[in-house]
Every structure is written in C-alpha cells, then in structure tokens.
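Remarks on the structure that follows.
The values are calculated or read from the model by the stated rules, or taken from the named source; none is laboratory data. Keep in mind the model is a prediction, meaning the values are calculated, not measured. Cβ: placed from backbone, ideal geometry, glycine included. Neighbour counts: every protein chain shown. These accessible areas exclude ligands, DNA and RNA; they are computed on the full protein's heavy atoms, side chains included. Shrake-Rupley method; radii C 1.70, N 1.55, O 1.52, S 1.80 Å.
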Amino acid sequence: MTQALFDHIDTQADSFIARVMDYVRHPSISAHDIGIREVATMLVGFLSDLGFDAGLVETPGHPFVLGHATVDPEKPTVLLYGHYDVQPPDPLDQWVSPPFEPTLRDGRIWARGIGDNKGQHFAQLLAIETHLAVNGTLPCNVIFLLEGEEEIGSPQIAEFVQQNADRLQADLVVTSDGPLHESGAPVITFGVRGVASFDLVAKGAARDVHSGNYGGVVPNPIWTLVHLLATMKDADGNITVEGLTEPVIPPTNLERDAVARLPDDEKAVMEDLALDQMDGPLERHYWDRLMFHPTLTINGLHGGYGGPGSKTVLPNEAFAKCDVRLVEPLTPNYVFERIEAHVARHAPNVQVVRHNGMLPSKTPLDSPYAKPLRDAIVAARGVEPLIYPTVGGSLPDYVFTKILGKDAFVIPYANADEANHAPNENLEIVRFLDGIKTGAAVLDALGRINTPKV
C-alpha cells in the first residue's frame, strides 16, 4: 500500500517542488502583519480543494486556518498542527537570493518560511493529496490546524483551543516543525520545554552622572544587577533561585533508556561552537541538559555607554533580559513568582517585568500511538527514528496535552542546517520529499488502527 504512495510522490516530485516554491513566494510575516490574511485564505482554498470542510476562525489577532475531513467515525482522527506565519527576513543584505523569491540551489530550496514552517506543513498537505490521488480517500480522519502567530509567541492559541475544543476532538496531534538530527536521522519528539521571559530593571540617579564627581556616592544600577544575577546561579551552573527547581519531575526509566540510545553529540557541538567545555554543572550528560532540567539564561545585559572609546559615565538605569526554560511541572506563573520573591529578598529596588510564557508539554513514551508513528517512519525512511523524550526549545504543544488531554508528537522534516529565523533559510529537496512520504505513511499507519482508542 505505502509503495504506491511513494511511487506517486516520486512521479510528482517536480510538480510538488514547484508548488511549494510558489506557496512560500507569498510573505506572511506575523510581526509586521504582512500577507497574513492573504496566505490564510490561500490555505483555506488548498484544503477545500482536497475535500476538507475548511475556513478561517477569527481571533483578536491573526486568524486560524481550520479544516476537517471525516471519512469513518470508527477510524482514528489525527490533528495536524503547524503555522503559516514566518519570521521577518532581516537582515536582507545577508541573503544570497531574495527571501521571497524562492531559489533552487545546491539541492535545496532557499526562501523565508520554507523550513519554518511552510514547507513542512505543505508536505502534510501533499501527503493528503497523494492518498486521494492513489486511493481516492483518506485512511483516517484528519483535522488540519494552522495558526498565524506562532512566530510571535502564539498569544491566541490557548484561548482558541479552549473555545473550540469541540472542533478539535482528535485522538492524537502531530506537528511537523523543527529539524531532524544533525545526521539526517528521523526523529519523534514526545515533549517540549516551556519558557518564561522577563526583564530585571535597576534604577539609580535621576540621570546619568559623571563617574568621577559622583562615583562612590551614587549607586550604580549595573552593579546592582550584576550582584543580583550572581545570587541566581552559582559558579558551577546550578540555579539558586529559592524554590525554582525543587518541583522538577525526574526522567522516567523509559526516558533514560531512550536518551542512552541517542548519539553522543557533545563533542561535535563543542567543535562546531569552538567551546572548551560545556556549561555547568559539568557532570550532566549532553541530552540530560537539554531535556530534563530548567535553565536560566541572561539574554542581554544593558546599561550605560557602549560606544567607541571611553565615556566616564555612571548610568542611571540598567536592565537584564532573561528567560527560564521550563520542564514539568513548572509553569510560567510559578517561575515568575519564585523570581519575584528572590529579587525582593536580594535586591528589593529592582523591578521584575514579566513577558511571555509558555507551558512545557510531555507525552508518555509508552503512548499507544508511538509504535504506529515509528512504523510509519521506518516505512518511509528505511531507518529507525531517534526518540526524543523532549527537546530544548518551546512549542505550544501544551494546548493539546494539557487543555485537550491528547498525546502530541513532533515529527520534523527539515534539515538540521535549515537556518530558520536567520538569513538564507533553506530546505533540502530530499528532506521535503521524504517529509511527504513520511506524512503519507503516518496517515496510512493510523488508518490501520481498528478503533480510535488503542
């Protein structure tokens, strides 16, 4: 059955490549509200042409694209999630070819959004089209959901899912986003870390003053932040914010076994980034660092003069931009409260400014859908997928696992050097075609399940 699907994809490869290039030619930059509604409307047309009951669902921000194809209530229903918005293309002068003029070069398609996420969810659409072309129907029920604000933090998705839960009743959720392993090996990801972003703001005098006339008299807000930050993480790399790490749930035996089978990427990462050592604590394994622990990162520390030469100024204000990556069961609110309590104890005049937050998400490795997904990837790619219990970055999968109560998986299609969020974003043609085959095989494997609950 799957071979006929793969043969069709090989036959249509040139057409599929041309069509995805035409799709990513249309900008959809959420941060600037450029092309959003036009691309969303285009997607509704794509889904309608495939027989979906499709339309736009309005929100206070950008609309969601939602489509349903129900073929048999006795079959499982998979919700395929992605996002149609893209990052701004700046800096434009670093692009080899214009970001919205897709170009074929060196076996890759080069364009903004081709990897993140337009090329990947378009591969899902073509997988659906392939089933219809070869078999005349879909092997399982499909809900297709695309949002237009993922690149600005998905501010509407939680409320959207809560309000439309009855329209999103699926048995599992599959997202195709992010990269494959560096080796090109396929991946199934069962979880993502959450995030909580905040600023620390310290103020001194009413204005900048002369460091000689006022040094030793006027408090320096940069030093205030330096001393505060030093109380939040020790020299060995341990987070020392009181109460922040205590609730963390340790990995299960299944998760530890899965990690033990992953390639040891530490040496390659250190060589690529010219590192002498990993961040502390030094005894942690590479994957353990990315999957099972929260992090505290100073994204930027700003204040005073930063231009050429010297300027003997004592600044009146300084701020640090920070984020914490969250693992279960941490929540943004819990982390913000711990940070605020810590700051109140150690530097009560410093202000904590909360920004965006996203909950972590995790699906058990023994989910009943894990084996069908694994079998599908083996059928499409001919190799066993790597199993990631979770990944270091953040996606809004929590809306599926925590609000809808469904198992959620990420099965990426893009090459590891896709350069998403950067100039010269790209997608290897072979990865795009493999993605279509993987998507088709996933639908086929789910269609072989006799009942929605296995």
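Brief remarks follow.
- Identity of the residue in the stretch 113-145, among the charged types (D, E, K, R) and buried (at least 24 other Cβ atoms within 10 Å of the Cβ), that ends up modelled with the lowest pLDDT: 116
- Residues of the stretch 204-244 that turn out to be in a loop (DSSP other than H, G, I, E, B) and either aromatic (Phe, Trp, Tyr) or on the phi > 0 side of the Ramachandran plot (or both), as a count: 3
- Test: residue 386 is in contact with a His (Cβ under 7 Å, 6 or more places away or on another chain) and touching a residue at least 40 places away in the same chain (Cβ under 8 Å): yes
- Looking only at residues in the stretch 198-252 that are acidic (Asp, Glu) and over 18 Å from residue 352 (Cβ atoms), the one that is most open to solvent (accessible area, probe 1.4 Å) is 246.
- From 174, 187, 195, residue being touching an Asp or Glu at 6+ places or on another chain (Cβ under 6 Å), β-branched (Val, Ile, Thr) and either touching a residue at least 24 places away in the same chain (Cβ under 8 Å) or farther than 27 Å from residue 291 by Cβ (or both): 195
- Count of the stretch 52-70 residues which are open to solvent by 60 Å² or more (accessible area, probe 1.4 Å) and in contact (Cβ under 8 Å) with a residue 40 or more places away in the chain: 2
- Scan of the stretch 1-40 for residues that are part of a loop (DSSP other than H, G, I, E, B) and either at pLDDT 95 or above or among the charged types (D, E, K, R) (or both), ordered by number: 12, 25, 26, 27, 28, 33, 35
- Condition check for residue 412: surrounded by fewer than 21 Cβ atoms within 10 Å (Cβ to Cβ) and in a loop (DSSP other than H, G, I, E, B): no
- The single condition among (1) surrounded by fewer than 22 Cβ atoms within 10 Å (Cβ to Cβ); (2) over 24 Å from residue 356 (Cα atoms) that residue 110 does not meet is (1).
- Residue 382 modelled with pLDDT of 95 or more, among the small types (Gly, Ala, Ser) and open to solvent by 20 Å² or more (accessible area, probe 1.4 Å): yes
- Some residue of the stretch 418-435 being in a loop (DSSP other than H, G, I, E, B), closer than 30 Å to residue 220 by Cβ and open to solvent by less than 40 Å² (accessible area, probe 1.4 Å): no
- All conditions in (1) more than 18 Å from residue 291 (Cβ to Cβ); (2) without any contact (Cβ under 8 Å) to a residue 24 or more places away in the chain; (3) part of a loop (DSSP other than H, G, I, E, B) hold for residue 270, with the sole exception of (3).
- The condition of being under 25 Å from residue 180 (Cβ atoms) and either among the aromatic types (Phe, Trp, Tyr) or under 23 Å from the mean Cα position of the chain (by Cα) (or both) does not hold for residue 248.
- For the stretch 285-315, the set of residues classified as assigned to a strand (DSSP E or B) and open to solvent by 50 Å² or more (accessible area, probe 1.4 Å) consists of 297, 298, 299, 301, 302, listed by residue number.
- Selection over the stretch 317-362 of residues that are among the polar types (S, T, N, Q) and either without any contact (Cβ under 8 Å) to a residue 40 or more places away in the chain or open to solvent by 70 Å² or more (accessible area, probe 1.4 Å) (or both) gives a count of 4.
- Taken over the stretch 329-378, the criterion of being outside any helix (DSSP H, G or I), among the charged types (D, E, K, R) and farther than 30 Å from residue 445 by Cα is satisfied by 354 alone.
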